[in-house]
Amino acid sequence: MCFLQSVLDRPHYGFTNDQGGFTRPTSKQLWREFLFRMNVLQDRRNWLTAFGWFMTFCFVPVFFLFFLKFFSWKLFAIGFVYSMVLMGTHGTVYLHRYGTHRAFKFSNRFWLQIARNLVIKVIPEEIYVVSHHVHHKYSEQAWDPYNVNGGWLYCFLSDANHQSIARNLSEMDYSRVVRMVEHTGVKPNTYAQYLRWGSVANPVRTVAHYLLNWTGNFAFFYWIGGLPLAVAIFGMAGVWAFGVRTFNYDGHGRGKDRRQDGIDFNRKDQSVNQIWPGYVAGEWHNNHHLYASSARSGFLPYQFDGAFEIIRLWSKFGIVSSYRDDRAEFMEKYYTPSLAKNALMSADSYIQCSVPESSQ
């Protein structure tokens, strides 16, 4: 078994069946696994997934406080834009293009830490980064941690059930996992600490980071707009925190082949380019699966890529030292031949329709 097939912690129902294929677990199995992953008393190595979901649920009372006490359409709009656009784009820039695919480089660690904490922190780096490498290698196969064929609930609970790193890694394999994550600014556990906690992240440092991030962001919003603004933004941030867990289910066609000719050029999996995540977060998912290491994924003329525009702007200010842009190769290899093919087909169709009936 190769490294990426064994790097994630196997759920009780397994990633593969006895024949090596994928068997969709039942809802009961998924919830049972989720409850186990939340139980730090049964196994302290559940701490990272339990902590991640605890912080997500912390948004819930703030969300209701906003709607019950501070609601206004203006604050709702501000919170909506912050959660959907700013948090979504930040996730694409920092966790996705930098954290997983290293599509660009920061000029120094100061700017990395600034970028890391620009928005309210929701997802621990190792939960996202390591599993996303597996997702790209085995999209829609048994080892895919958010395999769309597992259904909506399988994807929604995947960060708890399928995305934690394995707890029995050798010291060599653990060092490989550390190399996948440490560039994001996470100070890794030693191997002995990993055996105790089952994670790259250290519990004390992680909790401290979240508390500083949340406190700093709340204080900033309170300073510029008072308690109503701070509550509105944190409450609406919870919508993104829950909603982002369903993205890959939607981004891979909800289990059906929804790819469109002339739009979705990657045919190795069922990822699709969608207007909403594309415009609000720069996530043109089919393009991204075609060129995973590109800092730009909005390749077609109408595909605005806000995440890439931020990376390009940072480059102009010296925050980013270099980035990769594969748009030119995409246009030459996929889009231009597609236009030529469509033009030829249209010409053939026109000729056939123009030939008089008597001459046929």
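Anything in the range 33-48 that is in a loop (DSSP other than H, G, I, E, B) and more than 23 Å from the chain's Cα centre (by Cα)? List them, or say none. If you could, list the steps in order and put the result at the bottom.
First pass over the range 33-48, keeping only residues in a loop (DSSP other than H, G, I, E, B): 38-43.
Asn39, Val40, Leu41, Gln42, Asp43, listed by residue number.
Consider only pairs whose beta carbons are under 8 Å apart and that are at least six residues apart or on different chains; among these, list those whose first residue lies in the range 153-174 and is free of Cβ contacts under 8 Å to residues at least 40 places away in the same chain and whose second residue is part of a helix (DSSP H, G or I) and of a type outside the set (Val, Ile, Thr).
The qualifying pairs are Glu171/Tyr191; Tyr174/Tyr191; Tyr174/Tyr194.
So which residues in the range 49-90 are under 23 Å from Gln163 (Cβ atoms) and over 20 Å from the mean Cα position of the chain (by Cα), if there are any at all?
Within the range 49-90, Cys58, Val60 qualify.
Inspect the range 103-111 for any residue being of a type outside the set (Asp, Glu) and crowded, with 23+ Cβ neighbours inside 10 Å and give the result as yes or no. Full working, then the answer.
Applying the first criterion (of a type outside the set (Asp, Glu)) to the range 103-111 yields 103-111.
Cutting the leftovers down to crowded, with 23+ Cβ neighbours inside 10 Å gives us 103-104.
Looking through the range 103-111, at least one residue is of a type outside the set (Asp, Glu) and crowded, with 23+ Cβ neighbours inside 10 Å.
Considering only the range 199-221, I want to know if a residue exists there that is farther than 30 Å from Pro337 by Cβ, in contact with a Leu (Cβ under 7 Å, 6 or more places away or on another chain) and among the aromatic types (Phe, Trp, Tyr).
yes
Can you confirm whether Ala50 is loosely packed, with under 13 Cβ neighbours inside 10 Å and at pLDDT 95 or above? Outline the logic, then answer.
Working: loosely packed, with under 13 Cβ neighbours inside 10 Å: no; at pLDDT 95 or above: yes.
Taking the combined requirement at face value, the residue does not satisfy it.
Quick test of your reading of the structure: Gly235 fulfils all but one of (1) surrounded by 20 or more Cβ atoms within 10 Å (Cβ to Cβ); (2) free of Cβ contacts under 8 Å to residues at least 24 places away in the same chain; (3) of a type outside the set (Ser, Thr, Tyr). Name the failing condition by number.
(2)
All but one of (1) in a loop (DSSP other than H, G, I, E, B); (2) surrounded by 18 or more Cβ atoms within 10 Å (Cβ to Cβ); (3) of a type outside the set (A, V, I, L, M, F, W, C) hold for Asn287, so report the exception by its number.
It fails just one condition, (1).
Go through the range 21-61 and report how many residues are farther than 21 Å from Gly198 by Cβ and small (Gly, Ala, Ser). Walk me through how you get there before you give the answer.
Restricting attention to the range 21-61, the residues satisfying the condition of being farther than 21 Å from Gly198 by Cβ are 21-29, 31, 57-61.
Okay, now just the ones that are also small (Gly, Ala, Ser), so 21, 27.
Of the residues in the range 21-61, 2 are farther than 21 Å from Gly198 by Cβ and small (Gly, Ala, Ser).
So which residues in the range 300-320 are in contact with a Phe, Trp or Tyr (Cβ under 7 Å, 6 or more places away or on another chain) and touching a residue at least 40 places away in the same chain (Cβ under 8 Å)?
Ile311, Ser315, Ile319, Val320
Tell me which residues, restricted to the range 229-279, are over 29 Å from Ala77 (Cα atoms) and assigned to a helix (DSSP H, G or I). Write out each step before concluding.
The initial filter retains those residues of the range 229-279 that are over 29 Å from Ala77 (Cα atoms), namely 255-271.
Matches in the range 229-279: Gly255 only.
Would you confirm, using the coordinates I've provided, whether Leu30 is surrounded by 15 or more Cβ atoms within 10 Å (Cβ to Cβ), part of a helix (DSSP H, G or I) and assigned by TED's automatic domain parsing to the domain that holds Tyr154?
Considered against the rule, which asks whether it is surrounded by 15 or more Cβ atoms within 10 Å (Cβ to Cβ), part of a helix (DSSP H, G or I) and assigned by TED's automatic domain parsing to the domain that holds Tyr154, Leu30 comes out as yes.
Please pick out the residue among Gly306, Gly278, Gly253 that is over 16 Å from Thr89 (Cβ atoms), crowded, with 17+ Cβ neighbours inside 10 Å, in the same structural domain as Phe156 (by TED's automatic domain parsing) and not hydroxyl-bearing (Ser, Thr, Tyr).
Numbers: Gly306 fails: over 16 Å from Thr89 (Cβ atoms); Gly278 fails: over 16 Å from Thr89 (Cβ atoms).
Just a single option satisfies the conditions, and that option is Gly253.
Among the residues of the range 76-108, how many are in a helix (DSSP H, G or I) and more than 16 Å from Ile120 (Cβ to Cβ)? First the steps, then the outcome.
Step one: of the range 76-108, the residues in a helix (DSSP H, G or I) are 76-100.
Right, trim to more than 16 Å from Ile120 (Cβ to Cβ) and you get 76-77, 96-100.
Here the count works out to 7.
Looking only at the range 144-174, how many residues end up being closer than 17 Å to Trp197 by Cβ and charged (D, E, K, R)?
Residues in the range 144-174 being closer than 17 Å to Trp197 by Cβ and charged (D, E, K, R): 3 in total.
Out of the residues in the range 321-343 that are out of contact with any strand residue (DSSP E or B) (no Cβ under 6 Å at 6 or more places or on another chain) and touching a residue at least 60 places away in the same chain (Cβ under 8 Å), which is surrounded by the most Cβ atoms within 10 Å (Cβ to Cβ)? So that I can check it myself, show each step before the final result.
Here is the first cut: in the range 321-343, the ones out of contact with any strand residue (DSSP E or B) (no Cβ under 6 Å at 6 or more places or on another chain) are 324-343.
From the residues that got through so far, the ones that are touching a residue at least 60 places away in the same chain (Cβ under 8 Å) too are 324, 330, 334-335, 338, 342.
On the way: Arg324: 16, Phe330: 20, Tyr334: 17, Tyr335: 16, Ser338: 15, Asn342: 12.
Of everything passing the filter in the range 321-343, Phe330 is surrounded by the most Cβ atoms within 10 Å (Cβ to Cβ).
If you check Arg37 against the conditions, is it in the same structural domain as Arg10 (by TED's automatic domain parsing), in contact (Cβ under 8 Å) with a residue 60 or more places away in the chain and of a type in the set (Lys, Arg)?
Numbers: in the same structural domain as Arg10 (by TED's automatic domain parsing): yes; in contact (Cβ under 8 Å) with a residue 60 or more places away in the chain: yes; of a type in the set (Lys, Arg): yes.
It is true that Arg37 is in the same structural domain as Arg10 (by TED's automatic domain parsing), in contact (Cβ under 8 Å) with a residue 60 or more places away in the chain and of a type in the set (Lys, Arg).
Restricting the range 136-189 to residues that are among the small types (Gly, Ala, Ser) and outside any helix (DSSP H, G or I), which is nearest to Arg109 (Cα to Cα)? If you could, list the steps in order and put the result at the bottom.
Of the range 136-189, the ones among the small types (Gly, Ala, Ser) are 139, 142, 150-151, 158, 160, 164, 166, 170, 175, 185.
Okay, now just the ones that are also outside any helix (DSSP H, G or I), so 139, 142, 151, 164, 166, 170, 185.
Values: Ser139: 32, Ala142: 37, Gly151: 39, Ser164: 26, Ala166: 28, Ser170: 29, Gly185: 8 Å.
The residue in question is Gly185.
The values are calculated or read from the model by the stated rules, or taken from the named source; none is laboratory data. From a predicted model like this one, the values you see are computed outputs, not experimental measurements. Glycine gets a Cβ as well: all are built from the backbone with ideal geometry, and neighbour counts include every protein chain shown.
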